[in-house]
Amino acid sequence: MADPKGFLKYQRELPTSRQPKERVKDYQEIYKDFSDEKVKQQASRCMDCGIPFCHSGCPLGNVIPDFNDAVYNNEWEEAYHILSETNNFPEFTGRICPAPCESKCVLGINQPPVAIELIEKNIIETAFEKGYVKPNPPVIRTGKKVAVVGSGPAGLAAAAQLNQEGHSVTVFERNTRIGGLLRYGIPDFKLEKWVLDRRIKIMEAEGIRFEVNANVGGNIPVLKLMNEYDAIVLCGGSTIPRGLNVKGENLKGVHFAMDFLEQNNKRVAGDTIPKKEELLATGKNVVVIGGGDTGSDCIGTSNRHQAKSILQLEILTQPLTERPLDIPWTAAPMLLKTTSSHEEGCEREWAVLTKEFVGDKKGNLKGIKLVNIEWTLNKETGRSSFTEVEGTERELPCELALLAVGYLHPQKEGLLNKLGVEFTERGNVKDENYSTSVNKVFTAGDMRRGQSLVVWAIAEGRQAAESVNEFLKKEN
């Protein structure tokens, strides 16, 4: 596989990024170009291991050693075909995936793992550059019509797969542009939207129809879809955010993270935001509550707004910087992650509980009360609980608080309730092999499994398409 001694010759290397002080002045992607020769060197580090655990680490089952070998041998078109067999949108995952495959890389036992995500991104960008990526409409149409509701990664993947099977696919999106989370949840400095637009043009050329401002269950009657389509695939997101349920949460200045990110993405795209509705961090003391990627995106956006200060809070204790000895290699440990947004400037605190949001007489947020906590593990139950640390309660100035603490379930009002689908105990759409309790209605992505990664959404869309295709074959 590739160069048998590549992992001995070369160390893991990633592209350098633009300087933080410069990149916060714009919303362009932060990484500089990486030469083909360096990508080949990184591909050569793939070890020809007996069992490539990276396969199981990838929700899509990408055949990683094979495309690494093709890249090393300068066979870029072959690498593209291998990659696109399992991944509809490597230009997305190559930019924003946390790369669970790399945590399974055998080389990672005692060296930094192969830079799989980097290689993936370069394969697809080279394929676009060299003209390998072309519209590939199906030769024969089946006469079956499928409606996909939601144009996020799950919806786009389901649409792409079903279209290739020859079914006529229409994607319905309630927002003004196609893309869902990719369009409105991921900042441009991580995923510039021309990347998304480029893929949508190809899908349109392959025969997929897109309808925007189309709120199924709202301005688009549910009955219309049930009557006109042979199958419906629900690919909406897990859109009901989780709150903190603390005093002052309704003050002006306390917002859910996705409201903040979506508005900013619209602003960057050129949309006009009414002044009364503007969510800006400019000149404010910003507190981001939640230590995940969404919280990190809020930090990067607040830096570009020129916030006065940024503090990120996490209720859990600070993760370790290296894999602990008691965590087996194939398990992915919770390690400290420092993102590009953190590098641009912010303070971080762990094991902190938000007690209260403090407002002024006009109902505007002016401060936040915090307290340190201490976690203890109950060995009998295996559950952890926390207690407040006496004497650590404090109030900090804060004019903008962004809640990035996850989501509860999809929106039930409208589409889901009108369809009459059943729900799980967690409030997600209940299914059996992606088929809901309503005949010819299927589901995939966050609406089915709960809040998750883009790579999982793509995998879900692909798998749901298989179930839909089997259903339509039986109907035939």
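Only one of the numbered conditions (1) surrounded by 24 or more Cβ atoms within 10 Å (Cβ to Cβ); (2) touching an Asp or Glu at 6+ places or on another chain (Cβ under 7 Å); (3) more than 20 Å from L60 (Cα to Cα) is violated by T170, and that is (1). Hey, does the range 34-51 have a residue that's within 21 Å of S340 (Cα to Cα), touching a strand residue (DSSP E or B) at 6+ places or on another chain (Cβ under 7 Å) and touching a residue at least 12 places away in the same chain (Cβ under 8 Å)? No, because not a single residue in the range 34-51 is within 21 Å of S340 (Cα to Cα), touching a strand residue (DSSP E or B) at 6+ places or on another chain (Cβ under 7 Å) and touching a residue at least 12 places away in the same chain (Cβ under 8 Å).
Taking each residue of the range 301-320 that is over 17 Å from A404 (Cβ atoms) and looking for partners that are surrounded by fewer than 17 Cβ atoms within 10 Å (Cβ to Cβ) and not hydrophobic (A, V, I, L, M, F, W, C) with beta-carbon atoms closer than 6 Å, six or more apart or interchain, yields Q306/T282; K308/G283.
Figure legend. Inter-residue proximity from the range 364-380: first residues over 20 Å from Q312 (Cβ atoms) and of a type outside the set (D, E), second residues modelled with pLDDT of 95 or more and buried (at least 17 other Cβ atoms within 10 Å of the Cβ), beta-carbon distance below 9 Å, spacing 6+ or different chains. Indicated pairs: N364/L251; N364/G253; N364/E399.
Give me the residue from the range 191-207 that is assigned to a loop (DSSP other than H, G, I, E, B) and under 23 Å from the mean Cα position of the chain (by Cα) and, out of that set, surrounded by the most Cβ atoms within 10 Å (Cβ to Cβ). First the steps, then the outcome.
Narrowing the range 191-207 to residues assigned to a loop (DSSP other than H, G, I, E, B): 191-192, 206-207.
Subset that is under 23 Å from the mean Cα position of the chain (by Cα): 191-192.
Working: L191: 21, E192: 16.
The residue in question is L191.
Inside the range 263-293, residues that are within 20 Å of P241 (Cα to Cα) and β-branched (V, I, T) make up a count of 4.
Taking the criterion of being small (G, A, S), surrounded by 21 or more Cβ atoms within 10 Å (Cβ to Cβ) and either modelled with pLDDT of 95 or more or over 27 Å from the mean Cα position of the chain (by Cα) (or both), the residues of the range 36-69 that qualify are A43, S44. The single condition among (1) more than 16 Å from the chain's Cα centre (by Cα); (2) within 15 Å of G150 (Cβ to Cβ); (3) in a loop (DSSP other than H, G, I, E, B) that V468 does not satisfy is (3). Considered as a group, the residues in the range 323-335 that are aliphatic (A, V, I, L, M) and in a loop (DSSP other than H, G, I, E, B) include one that is surrounded by the fewest Cβ atoms within 10 Å (Cβ to Cβ), and that residue is L325. Could you check V455 against (1) surrounded by 22 or more Cβ atoms within 10 Å (Cβ to Cβ); (2) of a type in the set (A, V, I, L, M); (3) outside the structural domain of I310 (by TED's automatic domain parsing); (4) over 18 Å from the mean Cα position of the chain (by Cα) and say which number it fails? So the condition that V455 fails would be (4).
For every residue, the table says whether it meets (1) over 30 Å from G359 (Cβ atoms); (2) at pLDDT 95 or above; (3) not small (G, A, S).
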position	(1), (2), (3)
I202	yes, yes, yes
A205	yes, yes, no
V233	yes, yes, yes
V246	no, yes, yes
G253	no, yes, no
D259	no, yes, yes
N264	no, yes, yes
R267	no, yes, yes
P274	no, no, yes
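Residues are listed down the side, and each one gets a yes or a no for (1) assigned by TED's automatic domain parsing to the domain that holds L225; (2) of a type outside the set (F, W, Y); (3) touching a residue at least 60 places away in the same chain (Cβ under 8 Å); (4) surrounded by fewer than 18 Cβ atoms within 10 Å (Cβ to Cβ):
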{"position": "G108", "(1), (2), (3), (4)": "no, yes, yes, no"}
{"position": "Q111", "(1), (2), (3), (4)": "no, yes, yes, yes"}
{"position": "V114", "(1), (2), (3), (4)": "no, yes, yes, no"}
{"position": "E120", "(1), (2), (3), (4)": "no, yes, no, no"}
{"position": "I124", "(1), (2), (3), (4)": "no, yes, no, no"}
{"position": "P135", "(1), (2), (3), (4)": "no, yes, yes, yes"}
{"position": "P138", "(1), (2), (3), (4)": "no, yes, yes, yes"}
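Considering only residues in the range 254-277 that are small (G, A, S) and under 15 Å from I186 (Cβ atoms), the one that is surrounded by the fewest Cβ atoms within 10 Å (Cβ to Cβ) turns out to be A269. Checked against (1) over 20 Å from G414 (Cβ atoms); (2) in contact with a Phe, Trp or Tyr (Cβ under 8 Å, 6 or more places away or on another chain); (3) surrounded by 18 or more Cβ atoms within 10 Å (Cβ to Cβ), D230 passes all but condition (2). Among the residues making up the range 153-167, those that are buried (at least 19 other Cβ atoms within 10 Å of the Cβ) and closer than 13 Å to N88 by Cβ are P153, A154, G155, L156, A157, A158, A159, A160, Q161, L162, N163. I need every pair where a residue in the range 452-476 that is acidic (D, E) has its Cβ under 8 Å from the Cβ of a residue that is part of a helix (DSSP H, G or I), sequence separation at least 6 or different chains. Going by the 8 Å Cβ cut-off, the qualifying pairs are E460/A154; E460/A157; E460/R448; E460/R449; E466/Q161.
Could we say that K355 is outside any strand (DSSP E or B), over 26 Å from Q19 (Cβ atoms), over 24 Å from the mean Cα position of the chain (by Cα) and among the basic types (K, R) here? Considered against the rule, which asks whether it is outside any strand (DSSP E or B), over 26 Å from Q19 (Cβ atoms), over 24 Å from the mean Cα position of the chain (by Cα) and among the basic types (K, R), K355 comes out as no.
The set of residues in the range 1-16 that are within 13 Å of S340 (Cβ to Cβ) and surrounded by 16 or more Cβ atoms within 10 Å (Cβ to Cβ) contains only P15. Criterion applied to L313, L280, L251, L320 was being of a type in the set (A, V, I, L, M, F, W, C), outside the structural domain of L182 (by TED's automatic domain parsing), surrounded by fewer than 17 Cβ atoms within 10 Å (Cβ to Cβ) and farther than 30 Å from A154 by Cβ, and the one residue passing it is L320.
Filter the range 19-62 down to the residues that are more than 19 Å from T330 (Cβ to Cβ) and either aliphatic (A, V, I, L, M) or in the same structural domain as D297 (by TED's automatic domain parsing) (or both) and list them by number. Within the range 19-62, V24, I30, V39, A43 qualify. Would you check which residues across the range 81-91 are buried (at least 23 other Cβ atoms within 10 Å of the Cβ) and in a helix (DSSP H, G or I) and list them? Correct list: L83, P90.
The values are calculated or read from the model by the stated rules, or taken from the named source; none is laboratory data. The structure displayed is predicted, hence computed values, not measured ones. Cβ atoms come from the backbone with ideal geometry, glycine included; neighbour counts cover every protein chain shown.
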